[in-house]
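What follows is a set of notes on a single structure, which appears directly below.
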Amino acid sequence: MARDRSVDQSKRATLRRFAALGAASPLVGLASADETDSDAPDALTGYLSTTPGAHFSKIRDDLQLGTGETQHHLRGLEEEDVVESRKDGDYRRYFPAGQFSEFEQVVLGHLRRETQRGILVTLLEDPGASAGDIAATLDVSRPTVSKHAARLEEDGLLSRTDGYSVTEPEQVMVLLVRYADSFGEDAAALASIAPALLDYAPDATS
């Protein structure tokens, strides 16, 4: 029984922490429209404000909610236009409504996949990196890099015409830095050097 109380207290603390973020949302009135006393709607709103593009299972597990509970509240938030979602392969990803363009949602979806994020981070740090360089950096095989790079290329994030290059580096960088804490250590490391990378602007005439 003591263990059950501990788990319950942990869940309540997690929900309250994210609910505090959700309460600051301009859509809090809508997010709190559920007639129960649950902290879950505001917690979901707060969570997605810091972790946009998270998929259903991650949201459920990070907030320690049940599957049915998560489905119920996300559905209500979508109906109230507080949250929106999009299908991404086997996942459904969730975002604060009206905050991201379709392309930004696609970028965030890729950034939440470890290998694809690693490819983008490596190329932002070293635009001249080859497929072999990326494979060595990520400790994966070259066929693995090629498979994930093809997905990035298909969605317009990567060009493989003349080596590998990120097609919209500024947009990708901004999203990586803004939500670095919700990604892996690779994003946090990139965020720490981002100003230097953004300040570098080679002379196109040279």
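Rounded to the nearest whole Å², what accessible area per residue is found for segment 83-173 with the 1.4 Å probe?
On the way: 4470 Å² over 91 residues.
Computed with neighbouring chains in place, this is 49 Å² per residue.
Could you work out what % of the accessible surface of segment 50-160 is carbon and sulfur, using a 1.4 angstrom probe and leaving DNA, RNA and ligands out of the count? Provide the component values of the computation, followed by the final result.
On the way: 2070 of 5170 Å².
Carbon with sulfur: 40 percent of the solvent-accessible area.
Taking 7 Å along the Cα-to-C-beta vector as the label spot, tell me the residue 64-residue 126 distance in nanometres, rounded to one decimal.
Rounded to a tenth, the inter-label distance reads 4.2 nm.
Could you tally the net charge around residue 152, taking each other residue with its Cβ under 14 Å from the Cβ of residue 152, Lys/Arg +1 and Asp/Glu -1? The partial results should precede the final answer.
On the way: positive: 112, 113, 117, 147, 151, 160; negative: 88, 114, 153, 154, 155, 168.
Every neighbour counted, the sum reads 0.
So, counting K/R as plus one and D/E as minus one, what does the shell of residues with Cβ under 15 Å around residue 91 add up to?
That works out to +3.
Heavy atoms only, 1.4 Å probe, whole protein assembly: order 88, 155, 139 by accessible area, highest first.
On the way: 88 40, 155 70, 139 135 Å².
Descending order: 139, 155, 88.
The values are calculated or read from the model by the stated rules, or taken from the named source; none is laboratory data. If you're wondering where the values come from, they're calculated on a predicted model, not measured in any experiment. Reconstructed Cβ throughout: ideal geometry from the backbone, glycine too, with neighbour counts over all protein chains shown. Side chains are part of the model used for accessible areas, which takes the heavy atoms of the whole protein and leaves out ligands, DNA and RNA. Shrake-Rupley method; radii C 1.70, N 1.55, O 1.52, S 1.80 Å.
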